[in-house]
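> My questions will all concern the structure given below.
The values are calculated or read from the model by the stated rules, or taken from the named source; none is laboratory data. This structure is a prediction, so every number in the text was calculated from the model and none was measured. No Cβ is skipped: glycine too gets one built from the backbone with ideal geometry, and neighbour counts run over all protein chains shown.
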Amino acid sequence: MAVVAVIGAGKLGGALARRAQAAGHTVSVAGRTDGPAFRERVARTVPGARASSVEVALQGADLVVLALPLGEHRRLDPTLLAGHVVVDAMNDWPTGPASGPGTAAEDSSLRVQRDLPGALVVKAFNHIGYHDLDDEPLLGASPRRALAVAGDDRSAARRVADLVESLGFDAVDAGPLARGAGFAVGTPAFAAPRTATELGALLTSARRGLLVAA
């Protein structure tokens, strides 16, 4: 089992923390402040998880999950995340604030990697709703719902895939981080539940489309 630090105590962060804890992982939930109100909120939404500051949550963490509105990660000190496997579960919603330099065709996780140059960024958990994380069975589903994983560091991507599998899903390797665009907001792979075979086919189709566009 892993030590998982979830940065962000909103709906997605809470759901990921609850599921990771149910799967037997040790979970910390971090926010910009670890004051009494934050600790009370975490105790209410993720009973048993440790509420802490980002700095404390990162100590000994095997995996760090960014469950924040995209752009909020820039408030974090990138040196704290250097060397960590960082799971980017954030989304570039069209109606949200500008997410920073880049083009519409560029996956947002590439921008996150540039903002956190010392981290090993892996894109995952962005194409499942927080309510599904609570509702999907942890054990016994057949077939299991599949979730894509994209990352440039193959060892880091494997570790995130192991986390995905431990949470009751089939992990599908999407390849390098840039291919996270294949399951970003608005793509056929986004949101709707898919089996591993179905998701793999959609990612292959998206990859071919990106090559043609290039």
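> Could you give me the residue pairs with C-beta distances under 9 Å whose first residue belongs to the range 193-214 and is over 30 Å from ALA141 (Cα atoms) and of a type outside the set (Ser, Thr, Tyr), whose second residue is in a loop (DSSP other than H, G, I, E, B) and modelled with pLDDT under 95 wherever it lies, and which are 6+ apart or on separate chains?
Within 9 Å, the pairs are LEU210/ALA105; ALA213/ALA105; ALA214/ALA105.
> Is it true that some residue in the range 159-182 is part of a loop (DSSP other than H, G, I, E, B) and aromatic (Phe, Trp, Tyr)?
Residues of the range 159-182 part of a loop (DSSP other than H, G, I, E, B): 167-169, 176.
With aromatic (Phe, Trp, Tyr) added as a condition, the list becomes 169.
So far as the range 159-182 goes, yes, one or more of its residues are part of a loop (DSSP other than H, G, I, E, B) and aromatic (Phe, Trp, Tyr).
> Just checking, how many residues over the range 39-55 are surrounded by 15 or more Cβ atoms within 10 Å (Cβ to Cβ) and either within 20 Å of the chain's Cα centre (by Cα) or closer than 27 Å to SER109 by Cβ (or both)? Spell out the reasoning first.
First pass over the range 39-55, keeping only residues surrounded by 15 or more Cβ atoms within 10 Å (Cβ to Cβ): 39, 41-42, 45-46, 49-54.
Of the ones still in play, those that are also either within 20 Å of the chain's Cα centre (by Cα) or closer than 27 Å to SER109 by Cβ (or both) are 42, 45-46, 49-54.
Of the residues in that region, 9 qualify.
> Residue under question is VAL185, and the condition is that it be farther than 23 Å from TRP93 by Cα, of a type in the set (Val, Ile, Thr) and modelled with pLDDT under 95; does it hold?
Criteria not met by VAL185.
> Checking ARG74 against (1) farther than 29 Å from VAL185 by Cα; (2) not in a loop (DSSP other than H, G, I, E, B), only one condition comes out false. Which one?
(1)
> Which residues, taken from the range 129-163, are of a type outside the set (Gly, Ala, Ser) and touching an Asp or Glu at 6+ places or on another chain (Cβ under 8 Å)?
The first filter runs over the range 129-163 and keeps only residues of a type outside the set (Gly, Ala, Ser), leaving 130-139, 143-145, 147, 149, 152-154, 158-160, 162-163.
Within the range 129-163, PRO143, ARG144, ARG145, LEU147, VAL149, ARG159 qualify.
> Criterion first (part of a helix (DSSP H, G or I), exposed (fewer than 15 other Cβ atoms within 10 Å of the Cβ) and at negative phi) does ALA15 satisfy it? First the steps, then the outcome.
On the way: part of a helix (DSSP H, G or I): yes; exposed (fewer than 15 other Cβ atoms within 10 Å of the Cβ): no; at negative phi: yes.
It is false that ALA15 is part of a helix (DSSP H, G or I), exposed (fewer than 15 other Cβ atoms within 10 Å of the Cβ) and at negative phi.
> Could I ask something else about it? Can you pull out every residue in the range 22-38 that is touching a strand residue (DSSP E or B) at 6+ places or on another chain (Cβ under 8 Å) and modelled with pLDDT of 95 or more?
So in the range 22-38, the residues touching a strand residue (DSSP E or B) at 6+ places or on another chain (Cβ under 8 Å) come out as 25-31, 33-34, 38.
HIS25, THR26, VAL27, SER28, VAL29, ALA30, listed by residue number.
> State all residues of the range 111-129 that are surrounded by fewer than 19 Cβ atoms within 10 Å (Cβ to Cβ) and either touching a strand residue (DSSP E or B) at 6+ places or on another chain (Cβ under 8 Å) or modelled with pLDDT of 95 or more (or both); if no residue qualifies, say none.
Step one: filter the range 111-129 for residues surrounded by fewer than 19 Cβ atoms within 10 Å (Cβ to Cβ), giving 114-115, 117-118, 129.
Residues satisfying the conditions are ARG114, ASP115, PRO117, GLY118.
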